[in-house]
1. How many residues are among the polar types (S, T, N, Q) and under 17 Å from Gly200 (Cα atoms) when one looks only at segment 139-169?
2. Are any of the residues in segment 118-130 modelled with pLDDT of 95 or more and in contact with a Ser or Thr (Cβ under 9 Å, 6 or more places away or on another chain)?
3. Let me spell it out: the conditions are (1) modelled with pLDDT of 95 or more; (2) away from ligand 2 (no atom under 16 Å from the Cβ); (3) surrounded by fewer than 18 Cβ atoms within 10 Å (Cβ to Cβ), and Glu15 meets all of them except one. Which number is the exception?
4. When you check Lys112 against the structure, is it charged (D, E, K, R) and open to solvent by 50 Å² or more (accessible area, probe 1.4 Å), yes or no?
5. Yes or no: segment 74-93 includes at least one residue that is touching a Gly at 6+ places or on another chain (Cβ under 6 Å), in a strand (DSSP E or B), surrounded by 17 or more Cβ atoms within 10 Å (Cβ to Cβ) and touching a residue at least 24 places away in the same chain (Cβ under 8 Å).
6. Residues that are among the charged types (D, E, K, R), farther than 20 Å from Cys155 by Cβ and at pLDDT 90 or above: which helices (runs of 4 or more DSSP H) entirely in segment 165-248 hold 3 or more of them?
7. For segment 212-222, check the following and say yes or no: at least one residue is of a type in the set (Lys, Arg) and more than 14 Å from ligand 1 (Cβ to nearest atom).
8. Quick one: Met1 ticks every box in (1) aliphatic (A, V, I, L, M); (2) more than 16 Å from ligand 1 (Cβ to nearest atom); (3) at pLDDT 95 or above bar one, so which box is it?
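The values are calculated or read from the model by the stated rules, or taken from the named source; none is laboratory data. The shown structure was predicted, so the numbers you read here are calculated from the model rather than taken from an experiment. Glycine gets a Cβ as well: all are built from the backbone with ideal geometry, and neighbour counts include every protein chain shown. Accessible surface is based on the protein model in full, side chains and every heavy atom, while ligands, DNA and RNA are left aside. Shrake-Rupley method; radii C 1.70, N 1.55, O 1.52, S 1.80 Å.
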Amino acid sequence: MPTNITLEIFRYRPEAETEPVFQSYEIPFRKDWVILDALNYIKDNLDGSLSYRWSCRMGVCGSCGMMVNGTPVLTCATFLEKYLPGPIRVEPLKNFPVVRDLVIEMSDFMRKLKHVKPWIIREEEKPLSEGEYLQTPVQLADYKQYSMCINCMLCYAACPIYGLESSFTGPAAIALAQRYNFDNRDQGKKERMEALSQDGGIWECTLVGECSVVCPKGVDPAGAIQRYKVASTTEWWKSLLMPWGAKGDGRKAMGER
Ligand code: SF4
Ligand code: FES
């Protein structure tokens, strides 16, 4: 085992640099350190000016995503050992504007997330006196996979379509729309379909599939988008074959399984 390892880190300090540069840091190598530990070592011991985001250190908050040797990863869940003998190149997530060093600007995703209405929509709420909306374990299993998303943005950094066409709603926002579409308490499928059938919606995806490869939570956004395409096509055929029936019932028109 080596005693030291080198990290080449993307630096961009807008008050000092017009263009980003890479800065090398040699740090002690420890088998039990993840990339985030290495960044914290640099910040605490070598260069306090380094900026990056993290919070939970346990793969839950989704804030520590970065490009490591060209691949989007959660830095709190990726061991230094994987990249021996180094050097390890650490960059901000691809496809996003950089605010400073390894910190990206995420407001585009936040706008898109709101656009797909990721919340329970009811046509009519029942009175409280009738009790809660019940759900069986089987109904929970219908959408649980999509609810595991931690908004880490790795899938956007891996998506070549988002890289080329920033109007694309993108993998995680569409997977989160599906999280609510498959929830038996929700009645908002039709509204979401209207938003996602437009330019920038599901049809922009060409099924490269890298989003699902890099997702640390097994959400499979590529699969979610393909299921959406099937539902949209079913709705289109129904509107052709049964123009009198397809408009009224959003749940049926969306191809409820
Ligand atoms: S779908 Fe996966 S990769 Fe994309 S934001 Fe959610 S957890 Fe991260
Ligand atoms: S620090 Fe929270 S996911 Fe990595």
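1. The number of residues fulfilling the criteria is 3.
2. No.
3. Of everything listed in (1) modelled with pLDDT of 95 or more; (2) away from ligand 2 (no atom under 16 Å from the Cβ); (3) surrounded by fewer than 18 Cβ atoms within 10 Å (Cβ to Cβ), Glu15 misses just condition (1).
4. The answer is no for Lys112.
5. Yes, some residue in segment 74-93 is touching a Gly at 6+ places or on another chain (Cβ under 6 Å), in a strand (DSSP E or B), surrounded by 17 or more Cβ atoms within 10 Å (Cβ to Cβ) and touching a residue at least 24 places away in the same chain (Cβ under 8 Å).
6. In segment 165-248, 189-196 are the helices (runs of 4 or more DSSP H) which contain 3 or more residues that are among the charged types (D, E, K, R), farther than 20 Å from Cys155 by Cβ and at pLDDT 90 or above.
7. Taking every residue of segment 212-222 in turn, none turns out to be of a type in the set (Lys, Arg) and more than 14 Å from ligand 1 (Cβ to nearest atom).
8. Going through the list (1) aliphatic (A, V, I, L, M); (2) more than 16 Å from ligand 1 (Cβ to nearest atom); (3) at pLDDT 95 or above, Met1 breaks only (3).
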